[in-house]
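Structure first, then comments.
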Amino acid sequence: MLDTFHVQAVQQKHMHQRGWTDIGYHYVIAADGTIYEGRNIGVRGTHVEGANTGKVGVLLLGDFQPGPTWSAPFVGEVYSDVDDVPSSAQIASARSLTVWLDTSYGIDEVVAHRDLNSTECPGDTLMPFMPLIANAIQQ
């Protein structure tokens, strides 16, 4: 199972299991609100199969689906499913990043992975926050 708590674990999965040259996302937001730069913004991401061109990929670390306890093979730790709901720091950082991206590059719309592909991503408990994040570019 994907370790949803560590940027490095996501990057390792993308590179070693999927064969990509780097993490698929341009930015990653940790539970404490820290924003990490992933793939260079000038390079097309690999975050949405068949729909990456012209998109900026932003990942909030977490699975945001209720579930059982699991182990993280990359770091050798065991977690209970404490990432069912995005943290307020993640949402605040996602809004700030969205505003910055809109100012820097212009954004036509903010969508979730499941809006473009058949997937549970970004998770049922993150979806209610998507309008709040999307509305950040309309201010």
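Where a number appears in this text, it was derived from the coordinates with a stated rule and is not lab data. Quick caveat: nothing in here was measured; it's all calculated off a predicted structure. When we count neighbours, we look across all protein chains shown, and the Cβ atoms used for this are built from the backbone with ideal geometry, even at glycine.
Below 8 Å, C-alpha to C-alpha, sequence gap of six or more: please give me the relative contact order for the range 6-68 in percent. It comes to 29 percent, rounded to a whole number. The local environment of ARG44, defined by Cβ-Cβ distances under 13 Å, has a net charge of 0 under the rule Lys, Arg +1 and Asp, Glu -1. Compute the Cα gyration tensor for the range 1-59, then decide on rounded, prolate or oblate, letting a ≥ b ≥ c be the square roots of its eigenvalues: rounded whenever a/c is under 1.5, prolate when a/b is larger than b/c in the other cases, and oblate in all that remain. Oblate, because a/c is 1.5 or more while a/b does not exceed b/c.
Starting from the coordinates of the alpha-carbon atoms of the range 84-139, obtain the Kirkwood hydrodynamic radius over all distinct pairs and give the value in Å to one decimal.
11.8 Å
Of the residues TRP20, TRP100, the one with the fewest other Cβ atoms within 10 Å heads the list, and the complete ranking is TRP100, TRP20. Ordered by the number of other Cβ atoms lying within 10 Å of each residue's own Cβ, fewest first, GLU109, GLU37 fall into the sequence GLU109, GLU37.
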